[in-house]
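Notes for the one structure printed next.
Readers should treat all values here as calculations from the given coordinates under stated rules, not as data from a laboratory. Keep in mind the model is a prediction, meaning the values are calculated, not measured. Here the Cβ is made from the backbone with ideal geometry for all residues, glycine too, and neighbour counts use every protein chain on show.
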């Protein structure tokens, strides 16, 4: 396999890691240290690598020990920290997935394999994750025999239950047995979110080093890693080796190195002889060429260090388990578990293969193979650092260049907490997160402080266990899929007209409709002119629409709004403001009485969900005795606002019965032959109608209105028109500190009813202050000036600030200001520029409302088109999965008594579809949702990449409200491999793209 390192062409073997391939090619220096620039070589064989950090493609920093070699790989050395290549092309497709199980086993070594088999025998649903390409753990790196045969034969003979994820690293362990893992896949990483009933941690142990002078030279390596390269990859890390055997594993490494043809020059064991490695020497490149053992000097190009073992307690500690220091093992081991978890094998200090298997079985009646390993191991030497007269520094943390002298300096400042020392020296903050340095730092600090390691304690083990790229965390939530975009039924028509869109919450709304070469200012001026002199149309589908039913609906609205609704006549509309408990404006809109016990409330676009939640909170927690229910119908209705003095002519052509509507009245009537609703409501001051049809007919209605002469206008024009009339917009003229009275809406505060939400707060001294900010208009002295929104209002440009500009356009500017009256002169200051302005009334256009009824009808245009239904969804089929949109069928939401049919969505809440006879409280939501069908053998594989709930047949009840991607859906299983997805219609475009993207990744 061909690859390059720092531009140098090299060859490796299939199955190599980049580190193994570099050693195979005799590359000893793989980088430089981050602070001192010292040459560094491969130190480990796993994710704990502190030295061999490389840039590969778009990845700015990876451990060469974890990079699987592939043909054409290009790698570049680093000086201890990543470097982003802005020109690198990242073709990965990272994504996410959600899994659930009874037992999660982390680690595919002897203990983990045994634990998985035992769990499977009990009938549990099992998931096994391991970071290596092949199961076996340390058996991959050894020559151990089980039952007289190679240990990997035992591995291959196991019948593993459930799902096995190789190349998968568990990086985080959170509350409620929630574990996050990263799977390395050919096309990109997958971030798995795993929920487990119980967890078995079989994460093994990391060999540790010893801090002696010159311990950072290329050629100094952990003994187990040198053994791994020899046994697993067939690579000799050197020709002549000294083994520093502070633990018995050093002798195992020496035997295997010798078997691989490496000459063992010396084995230095401080436990018997008291000998220790006291220093190293290097060649001109700094590469190891000799080892000092006291007065002795050995020529060697490999120093294999076996300082002892540290159980990998990282995940255990992340789960909030408490570790304890084991004096015999000279290591921190799992203590008291905080969750339904147990540790098995080497990660709890059981280092023998046979005892690890037995620990994994945990008493299950399963055969334990015989092992040819030596008998009980001797305790390791309690050796953390070696004092010497050598000039070379002794490193405790190789990645951060932290030396023993640095730790001594920290202790000399009075620091006693290992957490303080970590931050003072940066030890343990590198890419390896202290896997090779943490125990050494604790050991050195214990010697410096004269305390036992258990008293010094460890630093906090925080996720992630290994570095995770932002690309992996983002998954497929990038570009158009980064945040769900809601679109109306007319969206494609707006695109065809060249609309420029703006984001309003999650909605894409037309901002303005420029013609060829037209600027925004020119387009808005033209659109305003059409609305003021002829007829214009806007897509108003995004307004929140809430269907309200019940005998106490009127009473409920009286309590929520500041004005009265129980007295509203059937067929009449009323504008209202609702306040929060503190008396501040929360939302506004019109509410129409459709029948005695039936209302329709409209809300601002951005507040629709919040208002529905607000209504439910008060109904469920404060007034549960009221007979009232709420159903969102925002997506069910497509709405076109037709405004202008000639609006009546257009409405007469599409809905003849609605043309004669009085102001603030409503009628249910055919629109282009389709059952619709028309409201006579104006947000511009002109004659205006809001025409509603079921969503699937929205585009047909829009195109008909335009064909009849209406000029399309966007939100910018809407803002100009309403500002000229002095109409406030919630979120622009309000900021959570504004009352209706501040906006000049005292006329909306009913004196006839005993209470409403916010009433008591309106009587507080603060809200009654005479010097509160009030809504006013502003007129710049220079008519060409458009004062910036947010500009501060002062007298003569000096403090104090009296208010600020909330809305500003060429024809109108609104502000909130205190202690001012009409005719006062102020200065608006913004961006260092001051403009003189005069305070005026906030109504700039038609203060007498003479334009509200429009011009007389001189003729009704004829529209000959048909009202056709549209579908926004796509279709995709492959050998393993099929996605299609189901044909339209009637759909109702039912709240209250069980209708006996349909899908139960919650307490007293159902969705009924198909042929049914609707009851009196059934709300038609046939266009509220699009129904997609996903089927085929791979349907489940698609869903788990975006659905967080457990879809196993024993758990999934058949349907549930959940998330798919970032969209809220109702998911229904119709057969083992067929699912129906009910998604709000405005999210259909997003979810279809999300599903198609998921299908492409299969």
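Quick notes on this one:
- Extension gain (nm, one decimal) between residue 460 and residue 707, 0.36 nm per residue minus Cα-Cα: 82.1 nm
- Highest-first arrangement of 894-900, 528-534, 421-427, where packing means the average Cβ count within 10 Å: 421-427, 528-534, 894-900
- Taking packing as the residue-averaged number of other Cβ atoms within 10 angstrom, the listed peptides 377-387, 194-204 run from highest to lowest as 194-204, 377-387.
- Cα long-axis angle, helix 715-724 against the chain (0 to 90 degrees, to the nearest 10): 50
- Counting all C-alpha pairs of region 194-246, share separated by more than 12 Å (%): 74
- Rotationally averaged projected area of region 519-606 (alpha carbon convex hull; nm²): 7.8
- Per residue, the convex hull spanned by the Cα atoms of region 1-91 amounts to 91 cubic angstrom.
- Residue-averaged 222 nm ellipticity for the chain, from DSSP H runs of 4+ at -39500 (n - 2.57), nearest 500: -5000 deg cm²/dmol
- Angle of helix 520-533 to the longest C-alpha principal axis of the chain, folded into 0 to 90 degrees and rounded to 10: 30°.
- Calculated FRET efficiency for the pair residue 869/residue 916, C-beta based, R₀ 25 Å, to 0.05: 0.75
- Cα centroid separation - region 551-577 against region 606-658, whole Å: 13
- Whole-percent pair-distance distribution, where bins are 10 Å wide, for the alpha carbons of region 472-519: 24, 42, 25, 9, 1
- Projected label distance in nm at residue 8 and residue 149, using a 7 Å step from Cα toward the beta-carbon: 4.3
- Quick note on region 293-451: its Rg to Rh ratio, both from C-alpha atoms and Rh being the Kirkwood radius, is 1.02.
- For region 37-195, diffusion coefficient by Stokes-Einstein and Kirkwood Rh (Cα), 37 °C, 0.692 mPa s, µm²/s: 186
- Theoretical FRET efficiency, 1/(1+(r/R0)^6), r = Cβ-Cβ of residue 594 and residue 124, R0 45 Å, to 0.05: 0.25
- Working from Cα pairs under 8 Å separated by at least six residues, relative contact order for region 1-91 is 33 percent.
- For the peptides 540-547, 320-327, 275-282, 15-22, residues were scored by their other Cβ atoms within 10 Å and the scores averaged per peptide; the highest-first order is 15-22, 540-547, 275-282, 320-327.
- Each part reduced to its alpha carbon centroid, region 158-178 and region 697-724 end up 55 Å apart.
- Ellipsoid semi-axes in whole angstrom, largest first, where each is sqrt(5λ) of the Cα gyration tensor of the chain: 69, 34, 27
- Rg(Cα)/(2.2 N^0.38 Å) for region 633-766, N = residue count: 1.28
- Reduced Cα scattering model of region 802-932, Debye log10 I(q)/I(0), q = 0.20 Å⁻¹: -1.19
- Region 87-119 and region 300-373: distance between their alpha carbon centers, rounded to Å: 20
- Computed over the chain: relative contact order in percent, which uses C-alpha pairs under 8 Å that are six or more apart: 8
- Largest first, the extents of the alpha carbon coordinates of region 307-384 on the three principal axes equal 35, 34, 15 Å.
- Förster-model FRET efficiency, 41 Å R0, residue 163 and residue 324, C-beta, rounded to 0.05: 0.80
- Helix 438-449 axis, angle to the chain major axis (alpha carbon atoms, nearest 10°): 70
- Column: log10 I(q)/I(0), Debye, Cα scatterers of region 73-130, q = 0.16, 0.19, 0.22, 0.28 Å⁻¹: -0.70, -0.75, -0.85, -1.15
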